[in-house]
Amino acid sequence: MCGIVGYKGSQNAIPVLISGLESLEYRGYDSAGVAFKSGKKIEIVKNIGKVSNLKSLLNDDANSEIGIAHTRWATHGKVSVENAHPHKVGKITIVHNGIIENYASLKIELEQKGYEFQSQTDTEILCALINDLYETENNLLIAINKMTKLVHGSYALLIMCDDNLNELYAIRCNSPLIVAIKDNDYFLASDVPAILKYTNEYILLENNEIIKVDDKLHIYDESLKEINKQTIIFDGDSNDAMKNGYEHYMLKEINEEPTVVKNILDYYTSDGKFNDNMPSFKKYKKIFIVGCGSACYTADISKSLFEKYLNIPVTVYIASEYRYQQLFYDKDTLVIFISQSGETADTLEALRRTKNDGIDTLAIVNVVSSSIAREADQVLYIKAGVEIAVATTKAFTAQLTMLALLVLRMANKENELKYFEDLSNELNKILKMDFKKYAKKIYKHENAFFIGRGIDYGLCEEGSLKLKEISYINSSAFPSGELKHGTISLITEDTPVISIVSDENIKYKTISNIKEVHARGAYVLWLTNKDENGDFYDDKIVIRDIHEIVNSILMVMPLQLIAYEVAYLRELDIDKPRNLAKSVTVE
Ligand code: F6R
């Protein structure tokens, strides 16, 4: 979602801010803006659309040593220049990520004091509130601290004040914000890629700690006492946030999957056994798995492995539903939260609810030190590195791998780790396969279906989401036995049906359903690890059958590459599909 960058230092702030915004473009946005010191005043430039549109409005000779910048993903108010950030009210200029839930009541109070608003945003109201508090307190640090007691919601804020344009302030609550120092340059950002060009060391703020940058960096806790904080070292460098010769981040990230799987195994196992990085778990009687979107589908795929190996019930929940549901858990339940970003608002709130109820929690997360990683009782990192493309790929494969390892750990089946040994090699083989030839048969259609049963249905959900989110083809996943109960009426001549069979137990049942759609003229692409021939498909992709504990991990990459090739043929913005954001930090 929205991206934030702030800078003060020895370089020209404007290109630093713009390149910071460009490195956060992947988060998804629809307008962009920048505010910087220009002589004795602040200059604000904003535009709708891409960062390049903003750039076109900036003078080539614009120069400044300090500024703040933002990419906005519209929540309150349409996409417009007025609603774009930065916002300025009185002496205060801010950029904001997050949502102020009580903005409507704050607005009424501020209007009664004579404030008038130009935009439809909650951010402008927050800006007015800080200005109002500053006018009373005459001290921005105190004003920001008082603001935290008056607002409900989430925020990561960068703040400048007309009275001292050489200072930068920042604060966060439930929305990420980091600060980095390189020599005498100070960088503030919502996400690590914005600083990687300069340094891989950063400080992560806790909720309601305040940053002030003047000639140095000051960090204050909630009682406004100045504190020191530890630096975190990011496990990677600027190469991680670059395309490295690939046409799209998505393709680069799919190509990284063999390495990611190897990284996970190297980290959690040694000599074919789990090492100390893999915690041990007590025996649970129930497992809940919670996530959003693809993260939730990894749970759907892994559910039956947990159930079979542990012989306990596993329930999968969509995080946004879980929060408002009656939950039948107790001290013998483990709740697992899956999130690439570790900042997805619904998953984070679901975790908080669970912890509040005193239930054991485990997070499976990619972004180190993200909120979900820090707040869960235990965390397993998936070691996937920075994922830039909005559609998740390598993190998905990494989550599935992690879940399969977790199954073996909880079931004390270390001997089955041997099945993971060939995974990377097999993934490399899939990378060499040609998926464009299938994409050519799909890309002109407006509807597609994915069918399968059990684990294969979970794979269908992911294949279908991947296809629809980047190609805009209206695609649906169905448990194949359900087709006859309605959906089959949508099958017409050449309708693409991607059918998945990896589970021997339900092979013949699914094949009967495939025959039903094939008989009605569908184009059937059969993705399977059963090297069998038949007259029920048009094309067949055969993946190696290693063992049930790892098979689903291998089935995902073909689905990702089919979606990629289809979107490519449709000439779409593969890495940044419309309306989508990488990290969904609003509920
Ligand atoms: C789909 C996709 C999303 C995410 C979902 C959860 O390609 O990327 O469905 O999986 O938004 O995000 P995280 O894993 O960051 O919690």
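The values are calculated or read from the model by the stated rules, or taken from the named source; none is laboratory data. Because the structure is a prediction, the values reported are computed rather than measured. With ideal geometry, Cβ positions are generated from the backbone for all residues, glycine too; neighbour counts draw on all protein chains shown. Calculation scope for accessible area: heavy atoms of the full protein, side chains included, ligands and nucleic acids excluded. Shrake-Rupley method; radii C 1.70, N 1.55, O 1.52, S 1.80 Å.
Key figures for this structure:
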{"quantity": "Euclidean distance between Cα centres, the range 423-473 to the range 496-538, Å", "calculated": "14"}
{"quantity": "About the Cα centre, charge dipole magnitude for the chain (Lys/Arg +1, Asp/Glu -1 at Cβ), debye", "calculated": "700"}
{"quantity": "Sequence-distant residues sharing a close amide H with K540 (under 5 Å, placed H)", "calculated": "W526"}
{"quantity": "Positive-end residue, the chain charge dipole about Cα centroid, Cβ charges, pick of F337, L168, G463", "calculated": "G463"}
{"quantity": "Whether the range 168-219 is rounded, prolate or oblate, judged on the alpha carbon gyration tensor where a/c under 1.5 counts as rounded", "calculated": "oblate"}
{"quantity": "Space enclosed by the convex hull of the alpha-carbon atoms of the range 433-587, per residue, Å³", "calculated": "126"}
{"quantity": "Backbone HN-Hα couplings from phi across the range 472-479 [Karplus 6.51/-1.76/1.60, Hz, Gly and Pro as x]", "calculated": "6, 7, 6, 10, 10, 9, 9, x"}
{"quantity": "Inter-label distance for E222 and F117, nm, one decimal - labels placed 7 Å from Cα along Cα-to-Cβ", "calculated": "2.6"}
{"quantity": "Proximal lysines relative to K509, as straight alpha-carbon distance under 17 Å, when same-chain residues fewer than 8 apart are discounted", "calculated": "K484, K530"}
{"quantity": "Cut-off under 5 Å, modelled amide H: who pairs with K286 long-range", "calculated": "L334"}
{"quantity": "Cα long-axis angle, helix 507-519 against the chain (0 to 90 degrees, to the nearest 10)", "calculated": "80"}
{"quantity": "Accessible surface of the range 243-432, 1.4 Å probe, proportion on carbon and sulfur as whole %", "calculated": "45"}
{"quantity": "Helix-only [θ]222 nm of the chain, DSSP H runs n ≥ 4, -39500 (n - 2.57) each, per residue, nearest 500", "calculated": "-10000 deg cm²/dmol"}
{"quantity": "Taking the chain and dividing mean pair separation by its residue count, relative contact order in percent (alpha carbons under 8 Å, at least six apart)", "calculated": "12"}
{"quantity": "Packing-based ranking, highest mean first, of 220-233, 295-308, 551-564, 317-330 given that Cβ atoms within 10 Å are counted", "calculated": "551-564, 295-308, 317-330, 220-233"}
{"quantity": "C-alpha long axis of helix 548-569 to longest principal axis of the chain, angle in °", "calculated": "70"}
{"quantity": "Pairs of Lys in the range 111-260 closer than 30 Å at Cα, counting only those 8 or more apart or on different chains", "calculated": "28"}
{"quantity": "Cα-centred dipole magnitude for the range 3-240, charges only on beta-carbon of K, R (+1) and D, E (-1), debye, nearest 20", "calculated": "320"}
{"quantity": "Solvent exposure of the range 9-119 as accessible area per residue, Å², 1.4 Å probe", "calculated": "43"}
{"quantity": "Cα gyration tensor shape of the range 243-432, rounded if a/c is under 1.5, else prolate or oblate by comparing a/b with b/c", "calculated": "oblate"}
{"quantity": "Highest to lowest packing among 333-342, 246-255, 172-181, 54-63, scored as the average C-beta count within 10 Å", "calculated": "333-342, 172-181, 246-255, 54-63"}
{"quantity": "Convex hull volume of the range 3-240 per residue (C-alpha atoms, cubic angstrom)", "calculated": "114"}
{"quantity": "Computed over the chain, the ratio Rg/Rh where both radii use C-alpha atoms and Rh is Kirkwood", "calculated": "1.00"}
{"quantity": "Computed accessible area, H152, all protein chains, 1.4 angstrom probe, square angstrom", "calculated": "110"}
{"quantity": "Potential extension, N63-L580 segment - 0.36 nm per residue separation minus Cα distance", "calculated": "182.8 nm"}
{"quantity": "Loop-located GluC sites (Glu not before Pro) in the range 448-552 whose Cβ has at most 13 other Cβ within 10 Å (DSSP)", "calculated": "E493, E532"}
{"quantity": "Pairwise centroid distance, computed over Cα atoms, of the range 562-584 with the range 150-191, Å", "calculated": "31"}
{"quantity": "Spin-label model distance (nm) - H152 vs E206, 7 Å beyond Cα toward Cβ", "calculated": "2.4"}
{"quantity": "Protein accessible area in the range 433-587, 1.4 Å probe - carbon and sulfur %", "calculated": "46"}
{"quantity": "For a label point 7 Å along the Cα-to-beta-carbon line of Y472, residues of the range 560-574 with backbone N under 18 Å", "calculated": "563-574"}
{"quantity": "Å² of accessible area per residue within the range 243-432, as computed with a 1.4 Å probe and no ligands counted", "calculated": "39"}
{"quantity": "Cα-based helix-to-principal-axis angle, 140-150 vs the chain, degrees rounded to 10", "calculated": "50"}
